[in-house]
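Structure first, then comments.
The values are calculated or read from the model by the stated rules, or taken from the named source; none is laboratory data. Not measured: the values here are computed from a predicted model. Every residue, glycine as well, gets a Cβ built from its backbone with ideal geometry; the counts of neighbours run over all protein chains shown.
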C-alpha cells in the first residue's frame, strides 16, 4: 500500500467519524481531568524547579479540549438572504486547537514526563525558558514602558540562564 493510499484511508475514516457520539465520553474525560488538576491544586504539593508549569500546561490542555468539544457540536449562523439557520463545524479552529494540545503535551513530555536524570531535566527546562525569553526580545516597538521594563528584566535573566 502506498503512502497516498494510506492517507486516503485515514481521511475516509476521519470523515466518517460521528463526533456527536463521542461528546458524552469526551465530556466525562474532561471532567475527570479537571478533578485531577483541582486535587493537585488543593493538595498544594512542594514543586521542584519549573514544575509549576505542569499545572499551567495541563490547565491549557483541559481548557483547549473543552473548546474543541464545544466547537465540535457546531455553530449556528443566520444570514440576511437565507431564511433558515446554517449549521457549521469550524474545522480550521479545531485544527488549530488540536495543534495547541499537541504542543502542550510535547512540552510536558520534553520537560517533565521522561526518564532523564535531574541535570538533563534542569538543562531542558532552562533551554525552554531561554527560548521563551529570546523570542520576546524583538518586540520593543510601540510597547508600554512597563512592558519594556519587563523585557529588560527578561534580558538580564536570559543572560544569567545562558551562563549556567
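Would you point out which residue out of 26, 88 is outside the structural domain of residue 129 (by TED's automatic domain parsing) and in contact with a strand residue (DSSP E or B) (Cβ under 9 Å, 6 or more places away or on another chain)? Explain how you work it out, then say what you get.
Numbers: 26 fails: in contact with a strand residue (DSSP E or B) (Cβ under 9 Å, 6 or more places away or on another chain).
Selected residue: 88, the only one of 26, 88 that is outside the structural domain of residue 129 (by TED's automatic domain parsing) and in contact with a strand residue (DSSP E or B) (Cβ under 9 Å, 6 or more places away or on another chain).
Does the range 69-95 hold any residues that are surrounded by 13 or more Cβ atoms within 10 Å (Cβ to Cβ) and modelled with pLDDT of 90 or more, and which are they?
Correct list: 93, 94.
If you go through the range 108-126 one residue at a time, how many are in a helix (DSSP H, G or I) and surrounded by 15 or more Cβ atoms within 10 Å (Cβ to Cβ)?
Matching residues across the range 108-126 total 8.
Check residue 107 against each of (1) modelled with pLDDT of 85 or more; (2) within 20 Å of residue 23 (Cα to Cα) and name the one condition it does not meet.
Residue 107 satisfies every listed condition except (2).
Among the residues of the range 127-147, what is the count of those that are farther than 24 Å from residue 55 by Cβ and surrounded by fewer than 13 Cβ atoms within 10 Å (Cβ to Cβ)?
Total meeting the criteria: 10.
Specify which of the listed residues (155, 66) is without any contact (Cβ under 8 Å) to a residue 24 or more places away in the chain, surrounded by 11 or more Cβ atoms within 10 Å (Cβ to Cβ) and not in a loop (DSSP other than H, G, I, E, B).
Unique residue meeting the criteria: 155.
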